[in-house]
Structure formats: C-alpha cells, structure tokens
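Have a look at the structure below before the remarks.
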Amino acid sequence: KYVMSENADLVMGRSVLSNTPRKYPALLQSLSPITCVFHVSEPELMMEGVLMILALESDSSRPDINSLSFLPVHSLLSNSCNRKEKDSSSVVECEESDTSFISGWIEDLEKLGLRERLRDALDSFDAQLLNPLYGEVDIFLERSEAIFDELISVLEQQRQINQIKSSSISLSRPNTDLISPEYYCALVDQLDSIGWNKVVDIADSLSHVVFQVDDRRGRQHQLTCTLDSLFPSKCPMFTTDLPGDFEVSWDQNSGMVKVFRAFIDAVKEYQNVWDELDDIDLSTWVIEPSLPARKAIIERRIVLLATDGGLSIVVELDTKYPRGVPKSIRFIGSTKNTNKYRLQYNKYVAGTLSDNTNQVEKTPLKWQVHLSIRENLERCYGSLPSLATLTPTNDAFECGICYSRHLGDELVLPEVCCDNKCCSRNYHKSCLFEWLRSLPSARFNLDRVFGTCPYCGESISVLITEK
C-alpha cells in the first residue's frame, strides 16, 4: 500500500526500518514524503491515484497531506490496446478525453466532501488508544493508515453512486446490444413488403409497430405488433381492435406480411357487425358505452322508454350473424316496465306478437334477418327514442342517491329502478345497497337486502354488493 522512500521495506502497508530504533523522530523526516499508490477502476477509465504524505515539523507524529493526484492508466472508451502504435494526434485526443473525465470525477469526489473527510479522519484519531510502546514513527503510520482508509471509503462511495447512475441509464435505453442484425434486416424487409404507408406508429427502439387499415366505410382499424428480441424466429405479440379473437399462424419467412393480410381479411369479415353498430349509434339513444366506442365493443345499452323512470335494453350482437337475434339481451328499469317489454320481445322472437298496425290480416310479427337490429326493435316496440328527436335530460338515468350517471372508473350506470310509477327513481346497485343496509329496518334474505325507496318509501331490494 505504501511505497516508501530509501531504507524502507513494504510489509502489510507498514514501514519496517532495518536495525533502527523507532523512537527517533528524525527518521520521519528522512522518510518523507511517503507515497501511497493505488488504482481506481471505473467503467470508462482505469486510473492510478497517488497520495503524498509529509510529517509536520512541529509534530513529527502528525502526517500532513501534501498532494492527491489521479493519472489515466488505460482508457476503455478509446479502446486503445497499445498507445505507442497510434499517431500523435490520436494520443492527444485520448489524453484530452481522459483529462476531461478525471476532472469531472474529481469534482464528484469534492461533492462528497473528500477534503473535510480526510481531515476529520486525522483529527478523530486518538493516539492514546495505541500501544504505549509505540513511538512517533508508529503513531505517524497509524494516522496515515486512518487517512488512507477514509480515502478508500470515499472512493468506494463514489463507485457505488456511479453504478447506480449507470444502471438507471441502461434501464432507460433499449437494450439493442443483444439484438442481432437479422432482427433489423427482417423488420425492414417486411415493412417494405407491407408498405410504409400502412405504418402509423413505430417505437424508437423498433420494438413495436402499429399498422392501420381502412375498411370500405372509412373506419380505421389498427394492428399492434410487439416484437421479441429473437424476431423473426420468434412470433411477435399481436393486438387488434377486432370484436373477436385474432388467431395468428406465424411463418418465419413471410412473417408480419402474412399476419397483416390475415388482419385485412378479418376486418372484411366484421364489416356487417360494425355497420349494425353504427346504425344503432346514429339512430337511437345509446347511454352505454360512451360514443365513439372502441370497435371491439359489440354491446349497446339503448333507451326504450325515456319517461316513468326510463327503461333501457342491453343488446349484444352475434358477430357471425349480426342481423340475427341478438346473442344476449337484458332489460334495465322498474319491474313493471321490464316485465312488460321482455314479454313483448319474447313474443316477437317466437313469432307470436300481434301486428296491431294491420287490422285486416292480423299477421303475427317475427324477427326478420334481412332487417337491421334497430329496424327489428322498432317493429317490436314502435319508434325508439333518439338524440335526433329529443333532448335528453341529465336526470333521466342518473342515480337518485349520488346524483350522477356514471359511477367509478368503470362508468357504471344505474340499474335499479323504483317500481312506484309516481317515483321511478334510478339507483346504482352499490349506492342503493349502502343506503338500504344503513336502515334499521333493512332485511337480509339470501343474496338480497330489502328496504324502502329513499324518495317515496316504496319497498325496494337490491343484490348484496361485495366490496
């Protein structure tokens, strides 16, 4: 650790003076300066540090820091294995780069309070704790050891800080070192085949690509491709806005070109589904989902009755037969209205609903697959409320407890209605549950809680809501 001057041997960092009593202070003057040489290894540069220590004339047992310097040993950034083989200009450039790095590195050490910490290490050293047989030479070396240990501590702290900085930088950058040239060659070739005009977004790291296709109605559909580092040998992850599953058959040779063509075919397959949904959105009063809705959503909550507390129907289309009988249907409103409208719908689907408009033949009405969903519902119920024909009031479907239509992040609408025709207030299930269970007269039976309407006092119940 210590490289001593003349007449000194290096043994475990201590000077062993041959055949010389240690009690003579004059020997410290002959040993000065003591030079501590050490190496600092940073990812960017290998440095040699030199710490020179002198003995004070006023107190020979007290060391004083003469100088602390750092010199470059080998620059990893310059990637030079033998500087002697380089010309003079490259040597100067490398030295300037090393000097700039070392200057910034020393500034970071100063921010850690290097000078103050070395001084504190010296001042806090208690010579009284040493062996009473120690002379001034021993005390001097012990104090020098304390200074050097503190220097090593500062350097270690600086190294840990640099490691944390390097880790954060590496996490913020895409790891392109592990990606082979084949990845980029295959990606560019396949994008050329698909057409760059179909690409609407691409990550800076080239880790994901978004394609866009317009259908015959001008609706835009997107295919997102998230690539693995082993592309093209490993299949990427594809996400779409299609209402059904999109199965991918991966071929390393055709790659994304084959998948993109399959996506175009899938978009054509769902044309009739989106046509039906667009007709419902334009010609009825849709209260859920919020419009414009994502193309993957094939449910619509349509208003059937805008008075008497309101009545709505949730229709889920069948993607294979979009004009056929809906895959599922659900009525939301007061018990009286839902029972009436559900019975009427069931008769229409079964073909037993009387046609009151035809007084002569009295032909029963039945679901017609050549008509749209909206047209079949109008044949069943008559004219449907529409935003084009009426101005909806905010309280038509708002909760009578929280006074809002949508609840929570999922934008839940009220689904419980008071059966009292003079009241017909709507409530969110969770709002009504909290209200009813707070009543002393509330009754719990199986999965429901029974109580009274907050407005009219009529009996009302709701399913027990789990928090």
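The values are calculated or read from the model by the stated rules, or taken from the named source; none is laboratory data. It should be emphasised that the depicted structure is a prediction, and the values quoted were computed from it without experimental measurement. Positions of Cβ are generated from backbone atoms using ideal geometry, with glycine treated the same way; all protein chains shown enter the neighbour counts. Protein only, heavy atoms only, side chains kept; ligands, DNA and RNA dropped before computing areas. Shrake-Rupley method; radii C 1.70, N 1.55, O 1.52, S 1.80 Å.
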task: Report the label-to-label distance for ASP108 and ARG294 in nanometres (one decimal), using points 7 Å from each Cα along the Cα→Cβ vector.
output: 4.4 nm
- line: 1/(1 + (r/R0)^6) with r = Cβ-Cβ of LYS234 and ILE164, R0 = 30 Å, i.e. FRET efficiency to nearest 0.05, evaluates to 0.40
query: Which value, in Å², gives the accessible area per residue of the range 211-280 when a 1.4 Å probe is used on the protein heavy atoms?
result: 50 Å²
query: Going highest first, how would you order 278-289, 367-378 by mean Cβ packing within 10 Å?
result: 278-289, 367-378
task: Would you kindly state how much longer the chain becomes between TYR184 and THR352 on full extension, computed as 0.36 nm times their sequence separation minus their alpha carbon distance, in nm to one decimal?
output: 54.1 nm
statement: Heavy-atom accessible area of the range 159-291 with neighbours in place, 1.4 angstrom probe: carbon+sulfur share in percent works out to 49 percent
- request: Quick one: accessible surface of CYS235, probe radius 1.4 Å, all protein chains present, in square angstrom to the nearest 10.
  value: 50 Å²
Simple label model, 7 Å out from Cα along Cβ direction - LEU71 to GLU57, nm: 2.9 nm
task: Would you mind checking the range 264-293 for residues with the amide N under 19 Å from a putative spin-label position 7 Å along Cα→C-beta of LYS327?
output: 266-281, 288-290, 293
